[in-house]
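Following: one structure in structure tokens, then a few remarks.
The values are calculated or read from the model by the stated rules, or taken from the named source; none is laboratory data. Because the structure is a prediction, the values reported are computed rather than measured. Using ideal geometry, Cβ is built from the backbone for each residue, glycine included, and neighbour counts are taken over all protein chains shown. For accessibility, only protein heavy atoms count, side chains too; no ligands or nucleic acids. Shrake-Rupley method; radii C 1.70, N 1.55, O 1.52, S 1.80 Å.
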Amino acid sequence: MKRRNLFAASLAAGALAAGRKSWASVPEAAQAMGRTAPPGTVPALTPARVHADQIIDIKVCLRPFRPTGPRLEIEPVADKIVVHNYGHGGSGWSLSWGSAAMAVERAAPLMEKRVAVIGCGIIGLTTAITAQRAGMNVTIYARDMLPHTRSVRANGSWTPDSRIALITAATPDFAARWERMARYSWQTYREYLGLPGNPVDFRDNYILSDTPPDEADHTEPAPDISKGSYASTGVPQSEAEFAKYGDRIKDIIPAAELLAGADNPFPVAYARRKPIMIYNFGAFGHALLSDFYQAGGRIEIREFHSLSEVADLPERVVFNCTGYAARDLWGDKSLIPVRGQTAWLPPQPAANYGVRYKGAAMLSKSDGLMVQGVNLSGLGELEGVGNSMEQPNRAEAEQAVAVFEDLFSRFRPRRG
Ligand SMILES: Cc1cc2nc3c(=O)[nH]c(=O)nc-3n(C[C@H](O)[C@H](O)[C@H](O)COP(=O)(O)OP(=O)(O)OC[C@H]3O[C@@H](n4cnc5c(N)ncnc54)[C@H](O)[C@@H]3O)c2cc1C
């Protein structure tokens with residue numbers, strides 16, 4: 001088999017379909033959530049120190065959301081062939097490798113050895129490395145290196161169907177393409193597990209609620225018809241408009257387990273535990289750049305102001321991985337900003353887990369303890385939609401921090 005066909009075959013191999021299931025009742029939800037943790041298997045947890053006066057940084061990011069899903073298309077620009085790879089909403093980290101593989105798959109028939117990648121966020125870097133692995137010589141052109149991109153202002157965990165598309169706007173084949181992307185990414189990320197510095201890792205994530213979990217998490221909110229919809233307003237108006245595909249890959253993603261009685265270490269009625277994949281930005285960025293340079297890659301810091309500047313590049317094939325910036329540079333007004341913010345506290349390796357409670361998320365990573373308001377307003381996936389304000393909001397950060405300050409003030413650690 002030729003290298004190109006091998007590459008396509010490995011992508012296709014990941015595409016196994018699994019049916020969707022909706023939640024109905026408490027017992028059914030509990031059963032579907034997987035087993036209950038065997039008694040005594042939950043480790044004694046060190047409480048996290050989460051206080052507003054410990055915040056060292058607040059980062060704001062715009063999710064590059066396209067109602068139809070990421071743009072993975074070929075477009076001729078002057079004598080160049082541009083392969084677009086942008087618009088991954090709240091799933092860019094998670095889907096990066098799979099999306100990169102699909103972009104490179106589109107470029108492979110062009111048989112071009114020397115290619116350009118515009119952008120050095122998570123999508124640009126993974127596209128560049130994937131192109132190298134397919135035998136191409138790559139130059140990255142970017143205004144910012146990874147540590148200064150919107151990518152490192154994310155949460156950095158496996159969230160492959162977060163604001164990725166709208167049910168009514170995505171084409172019928174998108175669900176299957178999403179599944180190929182997600183499976184390929186998951187597989188590729190596993191290659192970075194266990195490396196020095198833990199660029200990719202797993203954390204136990206505790207999902208807490210004061211009400212039964214199926215009521216808290218799994219009831220799809222009814223759309224408010226008076227607000228209209230994406231079709232009538234051009235912007236999604238209800239959470240139910242966002243496509244969800246997670247069930248298609250549940251055969252490879254660890255399920256949540258209920259922590260009953262003494263195995264629930266938290267001062268709340270309901271706790272579930274689920275291992276999640278996380279990305280430590282510093283270590284992972286370093287690993288990616290090392291891979292890229294070792295394979296002979298070049299990086300040129302450069303800002304493009306128009307498509308004519310792109311047309312002047314020496315390479316004939318150009319991957320466009322400019323994220324939300326594609327809205328201006330490529331005039332793609334279908335890109336909708338979805339603002340999100342993360343607050344960072346000093347790293348706390350002893351409290352090595354994540355928690356989700358009352359619309360806020362906390363995640364202990366090697367680069368810091370991240371706290372994020374994920375649903376403080378009760379808007380769910382609609383939170384931040386259409387908001388392109390990139391200034392930090394201290395009050396919002398403190399509100400999210402206060403959720404955990406209160407939780408841990410009531411926490412009585414069990415002796416291990
Ligand atoms: C709060 C928040 C939390 C998130 N959490 C997660 C998560 O847990 N998991 C997940 O999978 N996703 C998450 N995301 C989504 C994820 O961050 C994005 O999907 C992803 O970062 C998009 O990456 P990108 O490489 O396309 O864009 P960017 O990171 O924006 O990179 C774009 C690159 O293009 C370059 N560029 C742009 N314009 C020009 C120009 N004119 N000339 C030259 N270069 C240019 C930039 O310098 C940069 O290098 C989150 C997003 C937010 C807001």
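Report, by residue number, each residue of the range 124-182 that is open to solvent by 20 Å² or more (accessible area, probe 1.4 Å), under 15 Å from the mean Cα position of the chain (by Cα) and either more than 9 Å from the ligand (Cβ to nearest atom) or farther than 29 Å from Gly373 by Cα (or both).
Listed by number, the list holds a single entry, Asp161.
Conditions first: (1) under 27 Å from Arg150 (Cβ atoms); (2) at pLDDT 95 or above; (3) of a type in the set (D, E, K, R). Glu239 passes all but one, so which condition is the exception?
(2)
Would you confirm, using the coordinates I've provided, whether Tyr192 is touching a residue at least 40 places away in the same chain (Cβ under 8 Å), among the hydroxyl-bearing types (Ser, Thr, Tyr) and open to solvent by less than 50 Å² (accessible area, probe 1.4 Å)?
It is true that Tyr192 is touching a residue at least 40 places away in the same chain (Cβ under 8 Å), among the hydroxyl-bearing types (Ser, Thr, Tyr) and open to solvent by less than 50 Å² (accessible area, probe 1.4 Å).
With the checklist (1) crowded, with 24+ Cβ neighbours inside 10 Å; (2) more than 15 Å from the ligand (Cβ to nearest atom); (3) among the β-branched types (Val, Ile, Thr) in hand, flag the one item Val117 doesn't pass.
That leaves (2) as the condition not met.
Can you pull out every residue in the range 46-82 that is open to solvent by less than 20 Å² (accessible area, probe 1.4 Å) and away from the ligand (no atom under 16 Å from the Cβ)?
Ala48, Val50
Please verify whether Ala343 is open to solvent by 20 Å² or more (accessible area, probe 1.4 Å) and either of a type in the set (A, V, I, L, M) or at positive phi (or both), treating the condition exactly as stated.
no
Looking at (1) within 16 Å of the ligand (Cβ to nearest atom); (2) open to solvent by 60 Å² or more (accessible area, probe 1.4 Å), can you tell me which one Ser226 breaks?
Ser226 satisfies every listed condition except (1).
Within the range 401-416, how many residues are in a helix (DSSP H, G or I) and small (Gly, Ala, Ser)?
Residues that pass the stated criteria total 2.
Could you list, in sequence order, the residues of the range 83-111 that are open to solvent by 10 Å² or more (accessible area, probe 1.4 Å) and more than 8 Å from the ligand (Cβ to nearest atom)?
Once the filter is applied, which keeps residues that are open to solvent by 10 Å² or more (accessible area, probe 1.4 Å) and more than 8 Å from the ligand (Cβ to nearest atom), the range 83-111 yields Glu105, Arg106, Ala108, Pro109, Leu110, Met111.
Find all pairs meeting these conditions: Cβ atoms under 9 angstrom apart; at least six residues apart or on different chains; first residue within the range 144-159 and part of a helix (DSSP H, G or I); second residue near the ligand (Cβ under 6 Å from one of its atoms) and among the aromatic types (Phe, Trp, Tyr).
That search, which allows pairs on different chains as well, returns Arg150/Tyr324; Ser151/Trp93.
On the basis of being out of contact with any helix residue (DSSP H, G or I) (no Cβ under 9 Å at 6 or more places or on another chain) and either closer than 30 Å to Ala271 by Cβ or crowded, with 21+ Cβ neighbours inside 10 Å (or both), does Phe202 make the cut?
yes
Could you check how many residues of the range 232-270 are more than 30 Å from His88 (Cβ to Cβ), of a type in the set (Gly, Ala, Ser) and in a loop (DSSP other than H, G, I, E, B)?
Selection size over the range 232-270: 2.
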